[in-house]
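Some notes on the structure that comes next.
The values are calculated or read from the model by the stated rules, or taken from the named source; none is laboratory data. These numbers were taken from a predicted model, which means no experiment stands behind them. Backbone-built Cβ (ideal geometry, glycine too); neighbour counts: all protein chains shown.
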Amino acid sequence: MEPYTPSREKLEDKAYFLSSQLNSVSVLEVRAITTLLGIFAVLAPWCLGYWLIRRAKVRCDHWSTQLGLGWVLGVAIVTFSVVMTDVLGLGFRPFYLASLTGLASVLLVFVLGTESPPGKEAPKSTSLPTPQWILALNAFLLLLITVSLASVLQEVFQRPSYSWDTWHSWEPEGLQYIRNQALLASVQTNPNFGVVTNLIQVWMISITKTPHSEVNHLPWFAAFIAIVLLSFGHLRALYGNTAALFCCAAVASLPLLHTHAALAGYADIWVTLFFVASIAVSCRVTLLQKRAYLIVLLLSLVLCMLTKRAGLAVALALGVVLFGCFAWETLAKKSLLMLVSSAIVISGGFLAALLGFYSLDWNIPGLGQFQVSTSGFGVENLFYYNLKPAPFEAEAYFDALLTFDNWHLATPLFLASLALIATQPRLAHGERIPILAVIATLLVLVVYFTFIASGSATLHTGLDRSLLYVMPSAITVSTAILCKSLIASFVKT
Amino acid sequence: MKPNPLTDREFLFVALESCILLAAAACLSVLALAYYLTNFSEDFRGTGDTGVIKPLLFTGAEFRARKSGGTLYEGKDLVVSQLKGGEAILSIDTQIATSDFQFMHIDAEGIRPELKTFVFWQTMENPNGIFYAEMPLLENGGWVNLRKESVWRGTVRNLEIGVFGDLGGDVFRLRELELHKFGIGPLMGTLLSEWRSFSPWSFSSINARRGFPEGTIVSPVVAATLWLLIALLLLGVATLVRSVSVNGMRARLFLRHPGAVASASLFITWLAVHLLWLEFLTRQSLETHETFGGLSARERRAADWDSQYFLLSENAKRSLSTEDLPSAALLYIHDSDREPSPQRVLYHLLPEVLIESIGRLNEERLEYYVSRFDHLFVLDKEVGRNPSAFSDWANGTLTNTGAHESTLRLKVNNSVGALYSIERETRR
C-alpha cells in the first residue's frame, strides 16, 4: 500500500466550518441539521444491529435485550467500517463508510445465521400478575428512569467537550485521524492503546461534518441506554416487568454512570457496556447451542479488549470465568479434571515466574517478546506492567465502594445478595456467571491496584472508574437474587 | 410454583409498614449518631452536657457592611446590591463563647455557584488570627458545622460574612444568622445542608462522585446503609415477635409479607439517596442551561472555561485557512502554563491546524523551533498584550544565529497569546 500523504483535497468536506459557510442558513437550522445527522449516525448502526439480532431469531430474547445487543453489534459494524476504510485508503467519506457498513452487515447476516438450532428454551418468565399497585409502581419507576435519562441527555446536547482526558488525550487523536483521513496520529496524545472510542468519534464526525459538535457524544449516551436496556432485559426474562424496572431504575440511577454519559468522551462506559453485554449474552442460554450468541459474545470481548488497557484485563477475567463455567457445565469429569490441572499448572508457572523462581521470555510472532519476571509482565509491543507491590489500601476501597455516592446502595445490595447465595444449595447458570464475573473482575482490580498501580487507589482516579465496569452487572445479579428470595418467601406465605 | 401476588390492600399495608419501620429506624439512627458524636467524636465530645443554651440570633439589620459596592437595609434584612472588587464583607461585633455553640444557621438569598460565601471570625485569644468556614452552596443559606475545621475555639469577638464572586445581576440578602448548641435539630439540619450542598461539575467529576463536601459529619451513603440495616433489624425482631404471638388479630394483619416490607424499605432508602443525586443533577442542568442554553456551537465553546484560548485558536484557523494542512509549534514561557492551556489550544485547532510540538521557550530553543516550523504559537499573557515586543526580541535573537535568516511576523493575537508565521530567506 502506498504511504499516506495528507492533502487539503482529501479533506473534501469544507463543511468543517459549516456555520460560517452556510451564511444563508440560520444558526438554529445548522444546529438542527447537525443534530439530525448525529442522531442518524447513532440510529443507523443501532437499527442495523437490532435487525441483525432479530434476524438471527434469538427467540427467547426480549426486545430490550435485542436492542441492547443491537447497539453492541452496531458499534462492531462502525468499528469494522472505519478500520476497513482506512485499510483500503479511501478516506472517511460517508459513501465509503456506508458501503463498508453494508458489507459488514452482509457478513454478519451469514455469520450470525438465521435460525436458532434446537436447544434449551429460555426459562419461562415467572412474572407476578399485575394488580393496580404494580402498574402504579411501574409508572413511578419509568418516571424515575426518564428523569435520569433526560437530565443526562440535556447535558450531552449542551456542554462542549469537558472532561479532561477527552480533550487532552482521546479526542485530539481522533481529530488527527480526521485531519489525515487515515488512522494516523503523528502527535501522540493518547497513552492508552484503546481505539474503539476514536473510531466511534471518527464515524460521528464523518457523518455530522462538525469535528467539535456536542452531538458527536451521542454514542456515549446510547451506550448508557444500552446498558440500562440490557439490565432490564436480563431481569425481565427472569422475574417480569416490575423486577426488571426496579433493576433498570437502579442501574439508571448510578451517579458515576450518569457522569460518564453526560461528560462524554472517556472509554470506561464502553468497557461497562461490553462487560454487561457479554454477561447478558452468556448467562441466559447455553451458549454453544446458539451461534449468534457466541458471535456476539466474542465481538463484545474483542471490543472490550480494544477499548482501553483496562478493558483487556476485564475481558480476560470475563473470558476465563465464561470458559470455566461452560467447561463446568459441558465437560465430562475427566476432561474437567484435566482442564483444572492445566489451569493450575499454567497459573502456578506464571506465579512462580513473578516470584522469581525463573523468568519467561518468549517471542510471539507479530507481537514481540512475552516476558514474565519479578520486575513485571507483558507483551513487548502491546502492554507491559511493572510490578510495584504496595500495602492493600482498605480505606480507599471502603470509600470507593461504600462512602462515596458513586453507586448509591449497590455495594450493600451486592453484599446482601452474596449472603443470600450462601444460603442457597445450588446456583442457576444465569446467576453463577454474573456473580463469578463480577467477583473475578473485582479481584483483578484489587491485584492491579495493589501490585501494579500501587498507590493510585487512594487517588480515586482509576479505582472508581474501574468499579464502573462491574457495578451495573452487580446490581442486575443482586436484584435477580433478591427477587428469587422474595418469590420464595411469597410461595411460603 | 407461582407466588401469590399482593393485593392492592396488602401492598398498602406493606408500604405503610415499611414507612413506619423506616421512621422508627431513622429515629434510632439519629439518636445513635448523636450518641456517638457526643461520646466518641473528637469534634463534639462533651457538647451534650452543657445544659440548656438558647440559640443566639442576629438579624441581617444588625450587621454593617464593612466592604461592599452598595448595601441597603430592608426591614430586618441587609441587602447587598453590588460588590466591590468582587467581594462584600458584612460584619458584627459580639462576644460569644464558642464552647456554647457548635452549629450555625444562615438564612440568606442569592447564593449561587459563582458566589462563594464564607463566615469569618476573630477571637479574643488570638486577635490577629482570622478563622473561617465555607457556607454550603444552597440557595437559601443553610447550616454550618463550626467544629469541622477545629478552629472554632475560645471567645469570638467579631463575626463576618464574606461574599465573593459574581452576583449575576441579583442581590445577596442576609436575613439572619443563628448560632445553636448541639442538638438533634441542628444536627439534622447540618447533615442535610452538607448532603445537599452543590458544587458544579469539576474535572475530577469523571473520577468519582463524593456526594458530600470534605469533612462532612457522615456520608449520605453510609447513613442510608445504617438506616436500612437498622430497619431490617427491627423488621427481623418484629417478625420474630409476631411468630410468637400468632393468635391475635394484630398478628394476622401486620407483617404478613416481611420479604416485601424489606424490599420496600430497600427501595425507599435507595430512592432517598437518589433524590439527593437528582437534586444535584437538576441544579447542574440549570447551571449548564444558564451557561450554554440557546447558544450556537461556536458561542457555546466561547462560553466555556477557556474562552480566550478558543477565540485565539479560531482566529488562528481563519488566518491560516489558505494554507495546505498547516502545522505549528506551541511555546509557553512560564512553567505554570505547561498545562492545560497548550493542550486545550491543540484540541481547538484540530483538525485544520496541527500543533506538532509543545515546549518551553528559551533563547537556545528559539532557533530550533524557527528552523523546524512555519508557525509559532506563543501562549503568554504578556506576549498576547504586546506581541510586537516579543517579535522584536525574537527577530533580534535570530539575526545572529542559524543557517537561515528568519523573521517572525504576527498573524493574530489576543489577551492570552499570539500566533506568528515564520518568513525565511536563504543567506547568500
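All conditions in (1) under 24 Å from A:Gln188 (Cα atoms); (2) assigned to a helix (DSSP H, G or I); (3) among the hydrophobic types (A, V, I, L, M, F, W, C) hold for B:Leu419, with the sole exception of (2).
Do you know which residues across region B:56-73 are part of a strand (DSSP E or B) and aliphatic (A, V, I, L, M)? Write out each step before concluding.
Taking region B:56-73 and keeping what is part of a strand (DSSP E or B), we get B:56-59, B:64-67, B:70-73.
Listed by number, the residues that qualify are B:Leu56, B:Leu57, B:Ala65, B:Leu72.
Of the residues A:Val147, A:Val156, the single one that is closer than 22 Å to A:Val271 by Cβ and either touching a His at 6+ places or on another chain (Cβ under 6 Å) or outside any loop (DSSP other than H, G, I, E, B) (or both) is A:Val156. All of B:Ile92, B:Ile106, B:Ile53 fail the test of being under 19 Å from B:Glu178 (Cβ atoms), in a loop (DSSP other than H, G, I, E, B) and out of contact with any Pro (no Cβ under 7 Å at 6 or more places or on another chain), apart from B:Ile53. A single entry from A:Thr461, A:Thr374 fulfils the requirement of being over 30 Å from A:Ser485 (Cα atoms), within 24 Å of the chain's Cα centre (by Cα) and polar (S, T, N, Q): A:Thr461. Exactly one residue among A:Thr189, A:Thr210 is within 8 Å of chain B (Cβ to nearest Cβ), within 13 Å of A:Ala41 (Cα to Cα) and in a loop (DSSP other than H, G, I, E, B), and that residue is A:Thr210. The single condition among (1) at the interface with chain A (Cβ under 8 Å from one of its Cβ atoms); (2) out of contact with any Leu (no Cβ under 9 Å at 6 or more places or on another chain); (3) under 29 Å from B:Pro136 (Cα atoms) that B:Arg298 does not satisfy is (3).
Those residues that are more than 12 Å from every other protein chain (Cβ to nearest Cβ) and either of a type in the set (Ser, Thr, Tyr) or closer than 13 Å to A:Ile475 by Cα (or both), I need them from region A:382-413; list them, please.
Of all residues in region A:382-413, those more than 12 Å from every other protein chain (Cβ to nearest Cβ) come to A:382-395, A:397.
Those that are more than 12 Å from every other protein chain (Cβ to nearest Cβ) and either of a type in the set (Ser, Thr, Tyr) or closer than 13 Å to A:Ile475 by Cα (or both): A:Tyr384, A:Tyr385, A:Tyr397.
If a residue must be crowded, with 19+ Cβ neighbours inside 10 Å and in a loop (DSSP other than H, G, I, E, B), how many such residues does region A:461-493 contain? The total comes to 0.
What helices (runs of 4 or more DSSP H) completely inside region B:248-356 contain at least 2 residues that are closer than 30 Å to A:Thr479 by Cβ?
Details: elements: B:249-253, B:258-292, B:297-302, B:307-319, B:341-349.
Qualifying helices (runs of 4 or more DSSP H): B:258-292.
The residues listed here are B:Glu339, B:Glu363, B:Glu367; of these, the one that is surrounded by fewer than 15 Cβ atoms within 10 Å (Cβ to Cβ), under 17 Å from B:Ile422 (Cα atoms) and either within 14 Å of another protein chain (Cβ to nearest Cβ) or in contact (Cβ under 8 Å) with a residue 12 or more places away in the chain (or both) is B:Glu363.
Inspection of region A:292-315 finds a residue satisfying the criterion of being crowded, with 18+ Cβ neighbours inside 10 Å and free of Cβ contacts under 8 Å to residues at least 12 places away in the same chain. With respect to the conditions (1) part of a helix (DSSP H, G or I); (2) polar (S, T, N, Q); (3) within 30 Å of A:Asp165 (Cα to Cα), B:Ser371 lacks only one, and its number is (3). Candidates are the residues of region A:414-450 that are within 14 Å of another protein chain (Cβ to nearest Cβ) and surrounded by fewer than 20 Cβ atoms within 10 Å (Cβ to Cβ); the one that is nearest to B:Arg210 (Cα to Cα) is A:Leu415.
Scanning region B:161-203 for residues that are more than 14 Å from chain A (Cβ to nearest Cβ), at negative phi and at pLDDT below 90 yields B:Asp166, B:Leu167, B:Asp170. When B:Val353 is tested against (1) surrounded by 22 or more Cβ atoms within 10 Å (Cβ to Cβ); (2) touching a strand residue (DSSP E or B) at 6+ places or on another chain (Cβ under 6 Å); (3) of a type outside the set (D, E, K, R); (4) within 14 Å of another protein chain (Cβ to nearest Cβ), only condition (2) is not met.
Does B:Ser219 fit the bill of being surrounded by fewer than 21 Cβ atoms within 10 Å (Cβ to Cβ), closer than 21 Å to B:Ala32 by Cβ, facing another protein chain (nearest Cβ under 10 Å) and of a type in the set (Gly, Ala, Ser)? Quick ask: steps written out before the conclusion?
On the way: surrounded by fewer than 21 Cβ atoms within 10 Å (Cβ to Cβ): yes; closer than 21 Å to B:Ala32 by Cβ: yes; facing another protein chain (nearest Cβ under 10 Å): yes; of a type in the set (Gly, Ala, Ser): yes.
It is true that B:Ser219 is surrounded by fewer than 21 Cβ atoms within 10 Å (Cβ to Cβ), closer than 21 Å to B:Ala32 by Cβ, facing another protein chain (nearest Cβ under 10 Å) and of a type in the set (Gly, Ala, Ser).
For A:Gly462, the criteria (1) under 24 Å from B:Ala224 (Cβ atoms); (2) within 14 Å of chain B (Cβ to nearest Cβ); (3) modelled with pLDDT of 85 or more hold in every case but one, which is (1).
For B:Asp100, the criteria (1) touching a Phe, Trp or Tyr at 6+ places or on another chain (Cβ under 7 Å); (2) modelled with pLDDT under 90 hold in every case but one, which is (1). For the condition in contact with a Gly (Cβ under 9 Å, 6 or more places away or on another chain) and either within 30 Å of A:Ala252 (Cα to Cα) or among the hydroxyl-bearing types (Ser, Thr, Tyr) (or both), A:Tyr397 does not qualify.
Do we have B:Leu22 as of a type in the set (A, V, I, L, M, F, W, C), closer than 30 Å to B:Phe120 by Cβ and surrounded by 16 or more Cβ atoms within 10 Å (Cβ to Cβ) here? No.
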